[in-house]
Amino acid sequence: MSMAEAVSAHTRDGISIVMGTCMEQKIPFAAGHELIRQKRRDLTLIGPISDILFDQLIGAGCVKKVRAAWIGNVMMGSAYNFRRAVEHGIPHDIEVEDYSNFTIACGLHAAALGLPYMPARSLLGTDILKDNPNLIEIDSPFEPHEKLLGVKAIIPDLAIFQVQRADKNGSAHIWGDLAVTSDAARASRSVIVVAEEIVETAVIESDPNRTIIPGFLVDAVVHGPFGAHPSPTQGCYSRDHEFYAEYHKLTGSREGFEKWLEDWVLNVPDCESYLKLLGEKRVEVLMVKKSAPAAMTEFGY
């Protein structure tokens, strides 16, 4: 299935989407760009760290609400579209529901387990509880005088993942930083997998412990090489620091962002066109230079 077909079939205005579940790795930028091209509106974005992807979606007018721990440019600092939306309502006002990385993880874990909430000790005594109705102080059922934090389950309508490889059924191998990927897949009502490589099912079955997302959870599989650029994908390509710096410089003004959006998203219909725009030299620079293979694993018995 193409990226355009997957996004068209499994997204609509007003849904909640979790992305950026591997923190600063494997952020599904290509899928986010397709959401922009299809002019999805009133989205709720969920994620611990999305780097500049959420900023792009906010600037493009796709977002109504963010439920996140942080939105910015990890390398450079501010996410200018996010700031313009919050401070000045440009392109329109957005609602912000603050979490920490850990409480986002707790909410997704609760949903993955089918529980209404997850107890924690994190964030007690902070101001975040004052403005987030999904984080409340509760009494411990075992120690009546002990206070805990209750984190309401987070159930996204859709999860989008960039993975190293998957088979045609969506069973996906992922390695490197996994963060909340497993819980997000199980917490969400629908799942789209974007894979650097589509492989035979026998390849996936050869290493079941690396199958972080099983195919029975997946609604659509897309072949999307370099789909996480400019974020890194372990074993495939490195982080494009220059790209983040360029984005920061160009998007300091609204006009600069609109020009960037035209050049890098609206006029770039698919992953193949995106790679051509990046250019062979830049792609080559980002490819893995030093191999670090895992030891062979034997699953025989």
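FYI, it's all coordinate maths here, none of it is from the lab. Since the structure is predicted, the reported quantities are computational estimates derived from the model, not experimental observations. Heads up, the Cβs are rebuilt from the backbone with ideal geometry, glycines too, and the neighbour counts pull from every protein chain shown.
Cα centroids of region 100-124 and region 61-96: 23 Å apart.
Would you kindly give the portion of the calculated P(r) for the chain that falls above 35 Å, as a percent of all Cα pairs? More than 35 Å apart: 19 percent of the Cα pairs in the chain.
Residue separation times 0.36 nm, minus the C-alpha to C-alpha distance between E298 and L113: what's the value? List each step's numbers first, then the result.
Numbers: separation 185, 0.36 × 185 = 66.60 nm, distance 3.04 nm.
Length difference between fully extended and current span is 63.6 nm.
What percentage of all Cα-Cα pairs in region 185-247 are separated by more than 14 Å?
Details: 1302 of 1953 pairs.
The answer is 67 percent, as a whole percent.
Residue order for L275, L35, fewest other beta carbons within 10 angstrom first, comes to L275, L35. The amide H of I138, built 1.01 Å from its N in the peptide plane, has L148, L149, G150 as neighbours under 5 Å, considering only residues 5 or more places off or on other chains. Under a Gaussian network description of the chain, with springs only between Cα atoms under 10 Å, the residue in H88, H223, H145 that fluctuates furthest is H145. Counting 0.36 nm for each residue step from D270 to M1 and taking away their Cα separation leaves a gain of 95.6 nm.
Ignoring aspartates and glutamates fewer than eight residues from K130 along the same chain, the ones with Cα atoms less than 13 angstrom from its Cα are E97, D98. Using R0 = 45 Å, the C-beta based FRET efficiency linking E262 and F142 works out to 0.20.
State the extension gain, in nm to one decimal, for the chain segment bounded by D13 and K65, taking 0.36 nm per residue of separation less the distance between their alpha-carbons.
On the way: separation 52, 0.36 × 52 = 18.72 nm, distance 1.24 nm.
Working it through step by step, the gained length comes to 17.5 nm.
Just the Kirkwood number for region 26-182, please: inverse of mean 1/r across all distinct Cα pairs, in Å, one decimal. If you can, show how the numbers build up before the last one.
On the way: mean 1/r = 0.0587 Å⁻¹.
Taking every pair of different Cα atoms in region 26-182, averaging 1/r and inverting gives 17.0 Å.
Using a Förster radius of 35 Å, what is the FRET efficiency between D207 and N134 based on their Cβ-Cβ separation? Nearest 0.05, please.
Working: r = 37 Å, r/R0 = 1.05.
Given R0 = 35 Å and the Cβ-Cβ separation, E is 0.45.
Since only N209, A166, S190 are under comparison, the one whose Cα sits farthest along the positive direction of the charge dipole of the chain, derived from C-beta charges on Lys, Arg, Asp and Glu, is S190.
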